[in-house]
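This report refers to the structure that appears directly beneath it.
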Amino acid sequence: MVRSGYALAIGLLALILGGCTTAKPPSPAFHAVLNQPYRLDAGDRVRVTVFEQESLTNTYAVDKAGYLALPLVGSVAARGRTTSDVQNAITTALANGFLRNPDVSVQVDQYRPFFVMGEVTTGGQYSYVPGMTAQNAVAIAGGFSPRADHRTVDITRQVNGQVVTGRVLVSDPVLPGDTVTVRERLF
């Protein structure tokens, strides 16, 4: 009788603790974005080089509306586009009455920041470095607080125009614009 009561108590505890976790594994699209070409957004800075045109060669920021403001051609859409897409758009715009056979190169100069919040020493906005993992992001934010869950974090990112959150291991990659949330551990 005592043994069945003990087993019942353990079963109830497992159900209660199992109900505390609301995290679902991230969708396949959440990780698929890691293998896609980088898409520009507000906060990114790109280096535009127009060969033999020093007055057009410069670093430009993608503004809040998602555009680059360039001399001669004006606004060029950048949000959601790759550097190759933007390079082609600038080349086409310059060839349309400004330069004959323009030779343009576009590269990311500085990525938009990522954010860390939750159970870390100093949450906030930080500069992105290519190849960064969630553990690197936490280290930049001063490390885990004493109450932090050290195994997994929640990462919120834009995937195909939608904001998606996934619970991942601390070894998972972080992308520019991501928000890393470190949760409090249960015990």
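Output the 0 to 90 degree angle, nearest 10, between the alpha-carbon long axis of helix 83-95 and the longest principal axis computed from the alpha carbons of the chain. Relative to the chain, helix 83-95 is tipped by roughly 20 degrees. Using R0 = 35 Å, the C-beta based FRET efficiency linking R185 and D63 works out to 0.30. Got a sec? Which residues in the range 151-173 would a label at Q36 touch, if it sits 7 Å along Cα→Cβ and we count backbone N under 19 Å? Hits in the range 151-173 for Q36 at 19 Å: 155-167, 173. Helix 2-20 sits at what angle to the longest principal axis of the chain, using alpha carbons and giving 0 to 90 degrees rounded to 10? Helix 2-20 sits roughly 20 degrees off the main axis of the chain. Each label was represented as a point 7 Å from its Cα along the Cα-to-Cβ direction; for N101 and T156 these points are 5.1 nm apart.
Between R151, R79, R45, the GNM of the chain built on Cα springs shorter than 10 angstrom shows R151 fluctuating the most. Convex hull volume of the Cα atoms of the chain, normalised per residue: 125 Å³.
Values quoted throughout were computed directly from the atomic coordinates according to the rules given, and no laboratory measurement underlies them. Because the structure is predicted, anything quoted here is derived from the model rather than measured. Every residue, glycine as well, gets a Cβ built from its backbone with ideal geometry; the counts of neighbours run over all protein chains shown.
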